[in-house]
Amino acid sequence: MRLALPALLVLSMGAGCRREEAASKQAPAPAPAPAPAPALPNAALPEYAEVELFGKLDRSRVKARRYVIYVAKEACGSATISQFGATDLPPELPDGFFLEVFTPQGAQGHICSLALDEKGQVVGQAAYEKNPLTFQGEGEVVFQNVDLSLAPVKPSRPQPPGLGVAAP
């Protein structure tokens with residue numbers, strides 16, 4: 001009988017531990033982590049996107065007096081354009097260019113280039129292969145490796161209204 005009492009005590013102690021373990025296993029799970037904050041809506045962005053373009057203009061097939069790189073709402077080669085901005089790339093300078101424009105957030109635009117002769121007539125044009133682009137973001141919206149390759153335009157034609165480039 002002496003042996004039965006210690007065995008009974010050991011069994012009852014073990015049973016109590018198992019109940020506590022079972023109770024702790026059934027405890028409610030911790031609350032899930034909060035969901036990440038949603039992306040900022042357009043209303044939280046500045047009114048205008050600051051767009052920076054870095055690229056290279058291949059002028060090897062078109063000799064001209066002046067080369068213009070511009071960003072416009074319309075596709076390259078349109079009869080009339082509404083430009084966001086433009087820059088000249090003089091013939092004596094290397095092919096690399098930088099252009100900064102400010103556009104309304106979410107605006108779409110086309111990166112283009114024209115080659116102009118001594119009379120201001122278009123003798124070559126180029127369009128960025130990834131046109132149209134969407135200009136949206138906070139801070140500087142950067143497009144790198146914007147490579148343009150001019151193709152001859154024959155016969156030459158007047159530059160489109162809206163380009164805003166005076167004849168030399």
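A few points about this structure:
- Charge tally for THR103 (other residues, Cβ to Cβ under 13 Å; Lys, Arg +1; Asp, Glu -1): -4.
- Within the shell defined by Cβ-Cβ distances under 14 Å, the residues around GLU138 carry a net charge of -4, with Lys and Arg each +1 and Asp and Glu each -1.
- Spin-label pair GLN108-GLU92: with each label point 7 Å from Cα along the Cα-Cβ axis, the two points sit 4.2 nm from one another.
Every number here is computed from the coordinates shown, using simple stated rules; none is lab data. Values in this document were obtained by computation on a predicted structure and should not be read as measured data. Glycine gets a Cβ as well: all are built from the backbone with ideal geometry, and neighbour counts include every protein chain shown.
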